[in-house]
Amino acid sequence: MSTNERDSNVIRAVNPIAAVTSNGAPQPGQSHRSSGNFSLENAPPGITKVQWFVTDNSNSSNIVFDVMEDKSLWPDPTIWTGLSNGCITDLEVSRSFYIANPKNTGGDTFVVQIWPYSG
């Protein structure tokens, strides 16, 4: 089965583009980073927006986080700020994004899933 099923102009995803587990706070020795890198390079053709879902934490509906891009030779830029469960953003493509600056996690890990949005 393919990752997406097409019906006219509507894309119904059966899998997220990416999913990443994040610590509830920045990783030891890090100022912002709370997860490993994830990629949005596998977005379906024609998708220009994505929707962010937060799961696997009792405070999922209250968690707020940023997404930064891992750069090797200069400070990492912040790509999106203040994301929360259900947010819709424009798609940016990179294989080196990570969750940063999580708030309201209760100190526990959480999972962020990024789905194609075609609404």
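Taking the criterion of being part of a loop (DSSP other than H, G, I, E, B) and surrounded by 17 or more Cβ atoms within 10 Å (Cβ to Cβ), the only residue of the range 99-108 that qualifies is THR105. Take the conditions (1) out of contact with any Leu (no Cβ under 8 Å at 6 or more places or on another chain); (2) closer than 13 Å to ILE99 by Cα; PHE65 misses just one of them, which is (1). Within the range 44-59, count every residue that is of a type in the set (A, V, I, L, M, F, W, C) and either assigned to a loop (DSSP other than H, G, I, E, B) or more than 18 Å from ILE99 (Cβ to Cβ) (or both). Residues that pass the stated criteria total 1.
Counting the residues of the range 60-98 that are in contact with a strand residue (DSSP E or B) (Cβ under 7 Å, 6 or more places away or on another chain), surrounded by 13 or more Cβ atoms within 10 Å (Cβ to Cβ) and either polar (S, T, N, Q) or assigned to a strand (DSSP E or B) (or both) gives 18.
Any read-out appearing in this document is the output of simple, stated calculations on the displayed coordinates, not a laboratory observation. Here the structure is a predicted model, which is why all the values come from computation and not from measurement. All Cβ positions, glycine included, derive from the backbone under ideal geometry; neighbour counts span all protein chains shown.
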